[in-house]
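A short worksheet on the structure shown next.
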Amino acid sequence: MHTYVFPIHAFVNVCNIIDEQNLSYLQNEIDKRVGPMDYKTNVRGQMTDWNSFVEDKIFKKHIFLYLEQIKKENPLNIQDWKGIEIVSAWGNKLKANESVVKHDHRGGSDFSSVIYFSDTSIVIENFQINVKRGDIVTFDSTLQHWTNAETKDRYSLAMNWKLILEKEWNK
């Protein structure tokens, strides 16, 4: 796990914990589910519905394992963190020369995470981060981010999530 701290007091966490069999499953599911949001959002490519993966058992299994690791290492430095609520989770398929335009995920979530199925890069607040197949990148949802066009096809699975704090958990 690598944590990058930016001069703007934000963090980006990169971790690779998903095995090849489950990566292949998730990538195949993206292929099956793209269509509803193709070329209609900041994703200038193919996209599933916003909530396409929220209840997917394989996705949730790996995300919760990953988030347990983040909770244990606590790069967020947050006390009384009990869990998360997945707000949305969707797949992207970008063909050669397609990209994701600059945007953020303000409103409704605390953090965003992306699972990558290709060796590629993401730009977060003008910092380029190179990722490889299986990497999961997590960052504050208020950060501007995008991908540049490349010469090859790429897949990713993104999600927005909220922290559940101790006081909220006990309600």
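Normalising by the residue count of the chain, find the relative contact order in percent from Cα pairs under 8 Å and 6+ residues apart.
28 percent
Excluding ligands and nucleic acids, what accessible area in Å² is computed for ARG133 using a 1.4 Å probe, to the nearest 10?
It works out to around 70 Å².
Given labels modelled 7 Å from the Cα in the Cβ direction, how far is it in nm from ASN126 to LYS40?
It works out to 3.5 nm between the two label points.
What is the percent carbon and sulfur in the accessible area of the chain, measuring with a 1.4 Å probe over the protein chains and ignoring ligands?
After summing per-atom areas, the C and S share lands at 48 percent.
So with the 1.4 Å probe, I'd like the accessible area per residue for the chain, rounded to whole Å².
Accessible area per residue, the chain: 50 Å².
Sorted by accessible area with a 1.4 angstrom probe, largest first, how do ASP56, ASP80 fall?
ASP80, ASP56
With a 1.4 Å probe and all protein chains kept in place, how do MET37, MET159 rank by accessible area, largest first?
MET37, MET159
So which trypsin sites (Lys or Arg not before Pro) in the range 49-121 pass both tests, a DSSP loop state and at most 13 other Cβ atoms within 10 Å of the Cβ?
The qualifying sites are LYS95, ARG106.
Let me cross-check TYR39: its accessible surface, 1.4 Å probe, with only protein heavy atoms counted, in Å² to the nearest 10?
120 Å²
Relative to the longest principal axis of the C-alpha atoms of the chain, give the angle of the C-alpha long axis of helix 20-33, reported between 0 and 90° and rounded to the nearest 10°.
The helix 20-33 is inclined about 60 degrees to the chain.
Let me spell out the model: positive unit charges on the Cβ of Lys and Arg, negative unit charges on the Cβ of Asp and Glu, origin at the Cα centre of the range 29-71. What dipole size does that give, in debye rounded to 20?
80 debye
The values are calculated or read from the model by the stated rules, or taken from the named source; none is laboratory data. Predicted, not measured: the structure shown is a model, and the values here were computed from it. Cβ sites come from the backbone with ideal geometry, for glycine too, and all protein chains shown count toward neighbours. Please note that ligands, DNA and RNA were not included when accessible areas were found on the heavy atoms of the full protein model with its side chains. Shrake-Rupley method; radii C 1.70, N 1.55, O 1.52, S 1.80 Å.
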